[in-house]
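Chemist: This is the structure I have questions about; it appears just below.
The values are calculated or read from the model by the stated rules, or taken from the named source; none is laboratory data. Because the structure is predicted, anything quoted here is derived from the model rather than measured. Neighbour counts are summed over all protein chains in view; Cβ atoms, including those assigned to glycine, are modelled from backbone coordinates with ideal geometry. We work out accessible area using only protein heavy atoms, side chains counted, and drop any ligands, DNA or RNA first. Shrake-Rupley method; radii C 1.70, N 1.55, O 1.52, S 1.80 Å.
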Amino acid sequence: MVAVTCIEAVAGVAALAYLGFTVRAPSALRSLLKTAAVAFLAVAALASGAPFWLVVGLGGCALGDYCLSRSGETMFMAGVGAFAMGHLAYVALFLGDDSAVLRQIWTLPGLGLTSVLVLLGFGMAAILAPVAGQLRGPVLGYIPIILAMGLAALTLTDPALVWVLPAALAFVASDVALAFETFVLSPQHPLRRKLPYVVWPLYWGAQAGFYLSFS
C-alpha cells in the first residue's frame, strides 16, 4: 500500500506541475509531465489490483496525452485514437455484466441527462464539422465514443460509485472546452490562453475520479 500511495503522489505532483505548462510550446518536459500525470494512475491501478478495464482506460488516455502533447497532424490523429481506446475501455468498465443497461439508460432520472448528452453530441458535430478541416473524420468519429462513455456512466447505481458520473461529465466538459480551443476560437481570442487552465483540472480530475472509484 505504501508503494501505491507513492505512485499516486507522483501522479498528483505531475498533474499540478503540468498546470504551469498548459500554454507553453511543446517540449520534452511538458510531454513528460502530462503523460506521467495519468500514466502513474494507471501504474497505481495495476499495482493495487484494480479492474483490468480501468488500467486499460487510464493507459490509453496516458498514451493520448503524450501524442497530443506533441506537434503535428499525425500525432493528433494518434492521440484521438488512443483516447477513443481509453473511452471504450471505460465503457466496458462501467457496463460490466449488467443485464439491465438499456433499462437504466432510458429510465428517469437518467433520461433527462441522456437527452442532454445526445443533444450535446449533435450540437458539437454541427459546430466542428465546418471547422475541423482534414481532421473532420476522426473528430466526428470521436464524439459518439466519448458520449458513449458518459451514457455508460449513467447506468451505475452502486452508491460506492457515486463519483463516477460527475467525473464522466467533467471529462465530457473538458473535451468540449478543448474542441473550442483547438478548432473554434481564433488564435487571437483571449480565451485561447485561459481555457487550458480549465481543461486540465477537469480532465485530470475526471481520471482521478475514475481511479479512486474503482481502485
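Chemist: Return yes when Phe171 is among the hydrophobic types (A, V, I, L, M, F, W, C) and free of Cβ contacts under 8 Å to residues at least 40 places away in the same chain and no when it is not. Quick ask: steps written out before the conclusion?
Modeler: Values: among the hydrophobic types (A, V, I, L, M, F, W, C): yes; free of Cβ contacts under 8 Å to residues at least 40 places away in the same chain: yes.
The answer is yes for Phe171.
Chemist: Among the residues of the stretch 181-196, write down those that are touching a residue at least 24 places away in the same chain (Cβ under 8 Å) and either of a type in the set (Val, Ile, Thr) or over 27 Å from Leu54 (Cβ atoms) (or both). Let's see the steps before the verdict.
Modeler: The first filter runs over the stretch 181-196 and keeps only residues touching a residue at least 24 places away in the same chain (Cβ under 8 Å), leaving 183-184, 193, 196.
Those that are touching a residue at least 24 places away in the same chain (Cβ under 8 Å) and either of a type in the set (Val, Ile, Thr) or over 27 Å from Leu54 (Cβ atoms) (or both): Phe183, Val184, Arg193.
Chemist: Being outside any helix (DSSP H, G or I) and open to solvent by 40 Å² or more (accessible area, probe 1.4 Å) is the filter here; which residues of the stretch 28-75 pass it?
Modeler: At the first step, the residues of the stretch 28-75 found to be outside any helix (DSSP H, G or I) are 48-51, 70-72.
Result: Ser48, Gly49, Pro51, Arg70, Ser71, Gly72.
Chemist: Out of all the residues in the stretch 36-64, which are without any contact (Cβ under 8 Å) to a residue 12 or more places away in the chain and either of a type in the set (Gly, Ala, Ser) or within 21 Å of Val80 (Cα to Cα) (or both)? Outline the logic, then answer.
Modeler: Of the stretch 36-64, the ones without any contact (Cβ under 8 Å) to a residue 12 or more places away in the chain are 46, 49, 52.
Passing the criteria: only Gly49.
Chemist: For the structure I just gave you, tell me whether Thr5 is at pLDDT below 95, among the hydroxyl-bearing types (Ser, Thr, Tyr), open to solvent by less than 70 Å² (accessible area, probe 1.4 Å) and out of contact with any Gly (no Cβ under 6 Å at 6 or more places or on another chain). So that I can check it myself, show each step before the final result.
Modeler: Working: at pLDDT below 95: yes; among the hydroxyl-bearing types (Ser, Thr, Tyr): yes; open to solvent by less than 70 Å² (accessible area, probe 1.4 Å): no; out of contact with any Gly (no Cβ under 6 Å at 6 or more places or on another chain): yes.
Considered against the rule, which asks whether it is at pLDDT below 95, among the hydroxyl-bearing types (Ser, Thr, Tyr), open to solvent by less than 70 Å² (accessible area, probe 1.4 Å) and out of contact with any Gly (no Cβ under 6 Å at 6 or more places or on another chain), Thr5 comes out as no.
Chemist: Could you count how many residues in the stretch 153-172 are within 25 Å of Val23 (Cβ to Cβ) and open to solvent by 40 Å² or more (accessible area, probe 1.4 Å)? Before you say what the answer is, go through the steps one by one.
Modeler: Pass one, the stretch 153-172, residues within 25 Å of Val23 (Cβ to Cβ): 167, 169-172.
This time we only want the ones that are open to solvent by 40 Å² or more (accessible area, probe 1.4 Å), so: 169.
The total comes to 1.
Chemist: Now for a different question. Filter the stretch 193-215 down to the residues that are part of a helix (DSSP H, G or I), among the aliphatic types (A, V, I, L, M) and open to solvent by 10 Å² or more (accessible area, probe 1.4 Å) and list them by number.
Modeler: The initial filter retains those residues of the stretch 193-215 that are part of a helix (DSSP H, G or I), namely 193, 196-214.
With the extra rule that they be among the aliphatic types (A, V, I, L, M), the set shrinks to 198-199, 202, 206, 208, 212.
Hits for the stretch 193-215 are Val198, Val199, Leu202, Ala208, Leu212.
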